[in-house]
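The values are calculated or read from the model by the stated rules, or taken from the named source; none is laboratory data. On a predicted model such as this, the values are computed, not experimentally measured, just so you know. All Cβ positions, even for glycine, are placed from backbone atoms using ideal geometry, and neighbour counts span all protein chains on display.
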Amino acid sequence: MAFDPKDSKVESIVKRLREDEVGWLVTVHEGTPRPVPVWFLWDDDRSLLIYSAPRALKTKTVDAHPQCSFHFNSDEHGGGIAILDGRIARDDSVPPMLDNPAYVAKYTAALKAYTAEMKTTDEAVSEEFSVPLVMAIENARGW
């Protein structure tokens, strides 16, 4: 079904877009789906922002094959499925990670944990994940 965030049929997906910190982006490389866990920011409408490393496979893939999917983990019984389909592209008009207040607000705790674990800084993480990818959500499925 076409994704409309105001439609009550996608209420559970909208809740997860607002609250979950990790989702799975699936791009296609050489005919093979490549799922990868990502941090994301939903724009409260029909777009997801994902910051990627310039050399990451997902970054290289989107130019040649912009079709993608995004999904969340299921619950422990295989329910709570939410899958979004759309197109993804680089968007150089998006500010860097640390200059994006909404992104920083969502991931403050996660960034702190990540930088401590990796013995790095917020600035180094922002430099590493410097390519903004924006997914235009077209369709949604869930159960």
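For Glu127, the conditions (1) without any contact (Cβ under 8 Å) to a residue 12 or more places away in the chain; (2) exposed (fewer than 14 other Cβ atoms within 10 Å of the Cβ) are fulfilled apart from (2).
For segment 26-59, the set of residues classified as in a helix (DSSP H, G or I) and under 14 Å from Val134 (Cα atoms) consists of Lys58, Thr59, listed by residue number.
For Met118, state whether it is free of Cβ contacts under 8 Å to residues at least 24 places away in the same chain and either surrounded by 12 or more Cβ atoms within 10 Å (Cβ to Cβ) or more than 15 Å from the chain's Cα centre (by Cα) (or both). Explain how you work it out, then say what you get.
Details: free of Cβ contacts under 8 Å to residues at least 24 places away in the same chain: yes; either surrounded by 12 or more Cβ atoms within 10 Å (Cβ to Cβ) or more than 15 Å from the chain's Cα centre (by Cα) (or both): yes.
When the stated conditions are applied, Met118 passes them.
Can you tell me which residue in segment 83-108 is surrounded by the most Cβ atoms within 10 Å (Cβ to Cβ), limited to those that are within 30 Å of Trp143 (Cα to Cα) and over 13 Å from the mean Cα position of the chain (by Cα)? Explain how you work it out, then say what you get.
Of the residues in segment 83-108, the ones within 30 Å of Trp143 (Cα to Cα) are 83-89, 102-103, 105-107.
With the extra rule that they be over 13 Å from the mean Cα position of the chain (by Cα), the set shrinks to 102, 105.
Details: Ala102: 12, Ala105: 9.
Selected residue: Ala102.
Does segment 27-47 contain any residue that is touching a Cys at 6+ places or on another chain (Cβ under 6 Å), buried (at least 16 other Cβ atoms within 10 Å of the Cβ) and at pLDDT 95 or above? Break it down stepwise before answering.
To start, the set of residues in segment 27-47 that are touching a Cys at 6+ places or on another chain (Cβ under 6 Å) comprises 27.
Applying the additional criterion that residues be buried (at least 16 other Cβ atoms within 10 Å of the Cβ) yields 27.
Restricting the remaining residues to those that are at pLDDT 95 or above gives 27.
Yes, segment 27-47 has at least one match.
For residues in segment 61-82 being modelled with pLDDT of 95 or more and surrounded by 14 or more Cβ atoms within 10 Å (Cβ to Cβ), which is farthest from Met135 (Cα to Cα)? If you could, list the steps in order and put the result at the bottom.
Going through segment 61-82, the residues modelled with pLDDT of 95 or more turn out to be 66-72.
Then keep just the ones that are surrounded by 14 or more Cβ atoms within 10 Å (Cβ to Cβ); that gives 66, 68-72.
On the way: Pro66: 9, Cys68: 8, Ser69: 9, Phe70: 9, His71: 12, Phe72: 15 Å.
Selected residue: Phe72.
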